[in-house]
Each structure stands twice: as C-alpha cells, then as structure tokens.
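The values are calculated or read from the model by the stated rules, or taken from the named source; none is laboratory data. Owing to the predicted nature of the structure, the values given are computational and were not obtained by experimental measurement. Cβ coordinates were reconstructed from backbone atoms using ideal geometry, including for glycine residues, and neighbour counts include every protein chain displayed. To get the accessible areas, we keep the full protein, side chains included, count just its heavy atoms, and leave off ligands, DNA and RNA. Shrake-Rupley method; radii C 1.70, N 1.55, O 1.52, S 1.80 Å.
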Amino acid sequence: MVPNPAKRQQVPIPPPKPPEVPRIVGLLELARKWRGVLDRGEASSAAAIAKRAGFCDVYVRNLLFLLRLHPAILTAIENLGPGQGEDVTERWLRPITRMPHDRQLAVARERLGLDVGQECG
C-alpha cells in the first residue's frame, strides 16, 4: 500500500526560537562568582569548588582563567547581546588567557569588535 500524500496531515512548523545570550556570558558570571567564593575563603581551592558544584576541577580552573583576560575583552564579552558572539567560546578563549594583555587584544580584536586604539592595562 502506498500512502496518499494528499491525505497526509500537515504538521505546523514551529516558530524559530528567539536568539539567546551567548553561553560565554554566563560562564564568565560563574567564574566571577567562584572567584568571590575563593576570595571570601568559603572554599580553599578550585578543586573544592569543583567538588561542591559537581564539575571537574580542570573545568573550574579553566573558567577561573577567563578572569585573566584583558579588561576590554571582559567588557566586550559582558556586553554581548542575544544572537551575538556565538563564535566566542570558552575553548577559543582558553589559550588567549595565557597571553600577555597586548597580545590578547590583538587576537581578540576582530572577533569581539574591540576598538583598535584601546590601550593595554
């Protein structure tokens, strides 16, 4: 038996999802929260935070390393709105956190739309 396409029910196409704030914005928030926990002495190390939060300690350290980024890069990430910066990921930023600030700016300038005249601080 061959199905009759004329009798097939039409399934409505769902509307597209509205763009969301990039994941990296939330990860940076989480890193700042964890840095506060360490600074207040509520946890002794990234490993202690990882155990409490249910994450791998390497992941927690990688997120904490995001706070080593140049302030202009951190500001640009915080200001990403819905649908922006989908190519700005923790994995892309990871090697940049280990660079000097002037090199960080040079690498991140195009992807984050940083002002070319920004100074290293």
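Name the residue, out of 50, 72, 31, whose mean-square fluctuation peaks in a Gaussian network model built on the chain with Cα pairs under 10 Å.
Among 50, 72, 31, the largest mean-square fluctuation in the Gaussian network model of the chain belongs to 50.
Using a Förster distance of 41 angstrom, determine the FRET efficiency expected from the C-beta separation of residue 75 and residue 1, and round it to 0.05.
0.05
With 10 Å bins from zero, work out the P(r) of region 1-81 over every alpha carbon pair and list the percent per bin.
Binned Cα distances yield the sequence 15, 33, 19, 9, 9, 11, 4, 0.
For region 12-121, report the accessible area per residue in Å² (1.4 Å probe, heavy atoms, rounded to an integer).
63 Å²
Once Lys and Arg get +1 and Asp and Glu get -1 on their Cβ, which of 30, 96, 67 lies farthest toward the positive end of the dipole of the chain?
30
Looking at the chain, do any whole DSSP H helices span at least 15 angstrom along their long axis by alpha carbon and average 0.0 or above on Kyte-Doolittle, and which?
Membrane-span-like by this rule: 23-39.
If I compute solvent accessible area with a 1.4 Å probe over the protein chains, what percent of it on region 51-121 is carbon and sulfur?
51 percent
Quickly work out the residue 84-to-residue 42 label distance, labels modelled 7 Å from Cα along the C-beta direction, and quote it in nm with one decimal.
With each label point 7 Å from Cα toward Cβ, the separation is 3.0 nm.
Report, as a whole number in µm² per second, the diffusion coefficient that Stokes-Einstein gives for region 45-121 at 37 °C and 0.692 mPa s using the Kirkwood radius over alpha carbon pairs.
245 µm²/s
Using a basic spin-label model with each label point 7 Å from the Cα along Cα→Cβ, how many nm lie between residue 91 and residue 57?
Calculated label separation equals 2.5 nm.
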